[in-house]
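Trainee: Here it is, the structure in full.
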Amino acid sequence: MAKRRSKKRTHVAPTPESQKGIPKSMVIRVGQTSLANHSLNQLVKDFRNIMQPHTAIKLKERKSNKLKDFVVMCGPLAVSHLFIFTQSEKTGNVSLKVARTPQGPTITFNVIDYSLGKDIKKFLKRPKSLNNEDLLNPPLLVLNGFSTKNKNEDDPNANVEKIIISMFQNIFPPLNPQTTQLNSIKRVMMLNKDPVTKEISLRHYFIDVKDVDISRNLRKLYTAKSHLNKTVPNLNRKKDISSLILDHDLGAYTSESEVDDEEAIVNINESYGKNKNGQISVEKRKKEKPAIDLETGLEKDELDVEMEEAATRDAAQPEALPRKKAIRLTEVGPRMNLKLVKIEEGICAGKILHHEYVHKTDQEIKMLERKHAAKMRLKEQRRKEQEANISKKKAVKDAKKERKLERRRLRKEQAEADGKADNDSSEGSSESESENYDDVPEDIDSDLLSEVEDAV
């Protein structure tokens, strides 16, 4: 049987070094109420699609799982961010907690309302379904309405905006403009902050790029190779291909009327004529004994190579042809409106750095810190007492075990001594019996037989 071909150029296995700096996430649900909510379960699945490909897409939570179980596994799995969805048992409000592992901080948002991906597709005229190729690369992050300028340096909440921006900027790997290909960016995650209500709107879009310089019929022919399921234009009533191209009634040369917004049409410079590797190679010649030019002070060989490179570059570098592209954003969901509640240290357990609704004075903060310190001291004291009690119980148990082993050893020794005494007594009795029968002749049977024979 022939061996299956493995693609090495387009399907290169990622190395551990390249995966080291990439942030990874884990989207989970915590709480009995959230696990029983089917709509929240679907929201978690849709949010995992946003965080692809560097997220645990097939993670399954159990009712017995606690937050500590997931935090412990973040280290071995190299998870850098936790997205925790919870639902209150009393009010039914849904909350989203974004935590940075392992030191924190944790930002808690109140999910005011949300829409699932399937609900958004119902109201779209041309809905878009994401396939596996669209989820191979992380989405492009767009932040709108966030300001990093501190208007008042004395304001204690001046760094709140910076913490939120830093948290969202680090959930995806950074983009390198020199190495990133534009066609690899197919999704956009947009966060828009309302300056009045301070609400953050989260949207997820798919980027659709189309040519507008060619007609609709030509575009169908151009994309027929990659979209085999779509039909080509009907040529029954056409004499040749030119009538299809030049027919302005069926399809104009530009399809800008299909684009709703004129600002969505942009000019992109595309170059053609590159070699296989996408670079221009120049051959350099070297001489054994280069001559030096007296005017420039450079070797003549270097001057020849520089002139060759300039001439080859001008001849080989293609002209950049501007082409019109129509960019359309199609929402794929989910959609959420978030409201900041608080920021705390650690992972859901630490000092409150900022609270949107509860404000404390400096005196109240100091009093709370003293209470917290006293609570921690009491906790440490109880822990030491518990450790002492455990060690004491362990010592009593070990002593009891030693006494039990000692009794077993003594019983074993006693049994061995009794066995030796029995053996000695049996040997003594056998010796006395042998002494009593010493006077009995050995041939007593033969004597009796001889007397009987004589009588006969």
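The values are calculated or read from the model by the stated rules, or taken from the named source; none is laboratory data. If you're wondering where the values come from, they're calculated on a predicted model, not measured in any experiment. When we count neighbours, we look across all protein chains shown, and the Cβ atoms used for this are built from the backbone with ideal geometry, even at glycine. Each accessible area value is taken on the protein alone, full model and side chains, heavy atoms only, with ligands, DNA and RNA left out. Shrake-Rupley method; radii C 1.70, N 1.55, O 1.52, S 1.80 Å.
Trainee: To check you understand DSSP bridge types, tell me what percent of the beta bridges within the range 1-124 (both residues inside) are antiparallel, rounded to 5.
Mentor: Here the share of antiparallel DSSP bridges comes out near 70 percent.
Trainee: Sticking with this structure for a sec: Using θ = phi - 60° and the Karplus relation 6.51 cos²θ - 1.76 cosθ + 1.60, list the HN-Hα couplings for the range 56-68 in order, rounded to whole Hz, with x at every Gly or Pro.
Mentor: 7, 6, 9, 6, 10, 8, 10, 5, 7, 6, 10, 4, 5
Trainee: Measuring with a 1.4 Å probe in the full set of protein chains, what accessible area per residue, in whole Å², belongs to the range 362-409? Could you put the intermediate results ahead of the total?
Mentor: Values: 4970 Å² over 48 residues.
Value returned for the range 362-409: 104 Å² of accessible area per residue.
Trainee: Same structure again: Give the residue from 36, 81, 71 lying farthest towards the positive end of the charge dipole for the range 9-117; charges sit on Cβ (+1 for Lys and Arg, -1 for Asp and Glu) and the dipole is referred to the Cα centre.
Mentor: 71
Trainee: Also, I was wondering about something else. Under 24 Å Cα to Cα from residue 392, which lysines show up? Leave out anything in the same chain fewer than 8 places away.
Mentor: Within reach: 379, 384, 400, 401, 404.
Trainee: State the antiparallel share, in %, of DSSP beta bridges confined to the range 108-239, rounding to the nearest 5.
Mentor: Around 60 percent antiparallel, to the nearest 5.
Trainee: Roughly what would the spin-label model give for residue 118 and residue 140, points 7 Å off Cα along C-beta, in nm?
Mentor: Going from the residue 118 label point to the residue 140 one covers 3.1 nm.
Trainee: Continuing with the same structure: If you stretched the chain out fully between residue 400 and residue 235, how much longer would it get, using 0.36 nm times the residue separation minus the C-alpha to C-alpha distance?
Mentor: 49.5 nm
Trainee: Explain nothing, just compute: Karplus ³J(HN,Hα) = 6.51 cos²θ - 1.76 cosθ + 1.60, θ = phi - 60°, for every residue of the range 230-242 in order, whole Hz, x for Gly and Pro.
Mentor: Running phi through 6.51 cos²θ - 1.76 cosθ + 1.60 with θ = phi - 60° gives 9, 7, 8, x, 7, 10, 5, 8, 10, 7, 8, 6, 5 Hz.
Trainee: Cβ under 13 Å from residue 30's Cβ, residue 30 left aside: what net charge do those residues give with Lys, Arg +1 and Asp, Glu -1? Intermediate results must be reported in sequence, preceding the final value.
Mentor: Numbers: positive: 29, 62, 63, 66, 68, 97; negative: 61, 69, 89.
Counting the neighbours of residue 30, the net charge comes to +3.
Trainee: Now for a different question. With a 10 Å radius around each residue's Cβ, average the other Cβ atoms per peptide and rank 333-342, 34-43, highest first.
Mentor: 333-342, 34-43
Trainee: At a Förster distance of 45 Å, what's the computed FRET efficiency of residue 22 paired with residue 194, Cβ-Cβ distance as r, to 0.05?
Mentor: Approximately 0.90, to the nearest 0.05.
Trainee: Could I ask something else about it? Quick one: net charge of residue 106's neighbours, Cβ under 9 Å, K/R +1, D/E -1?
Mentor: Values: positive: 97, 100, 342; negative: 344, 345.
So the environment of residue 106 carries a net charge of +1.
Trainee: Label points 7 Å out from Cα along the Cβ direction at residue 129 and residue 184: separation in nm?
Mentor: The answer from the label model is 2.8 nm.
Trainee: Taking every pair of alpha-carbon atoms in the range 362-409, what share in percent sits in each 5 Å bin, from 0 to the bin with the longest distance?
Mentor: The percentages, shortest bin first, are 5, 18, 11, 13, 9, 9, 8, 6, 7, 4, 4, 3, 2, 1.
Trainee: List the pairs from 90/375; 24/342; 128/193; 20/366 whose alpha-carbon separation is above 32 Å, in the order I gave them.
Mentor: Numbers: 90/375 28 Å; 24/342 23 Å; 128/193 26 Å; 20/366 41 Å.
Distance filter (> 32 Å) returns 20/366.
Trainee: What are the ³J(HN,Hα) values, in whole Hz, obtained from phi via the Karplus relation 6.51 cos²θ - 1.76 cosθ + 1.60 with θ = phi - 60°, for each residue of the range 356-366 in sequence order, with x given for Gly and Pro?
Mentor: Here the 3J(HN,Hα) series is 6, 10, 9, 10, 10, 7, 5, 5, 5, 5, 5 Hz.
Trainee: Hey, rough spin-label estimate for residue 227 and residue 375, points 7 angstrom out along Cα→Cβ, what's it come to in nanometres?
Mentor: So the two model labels end up 6.0 nm from each other.
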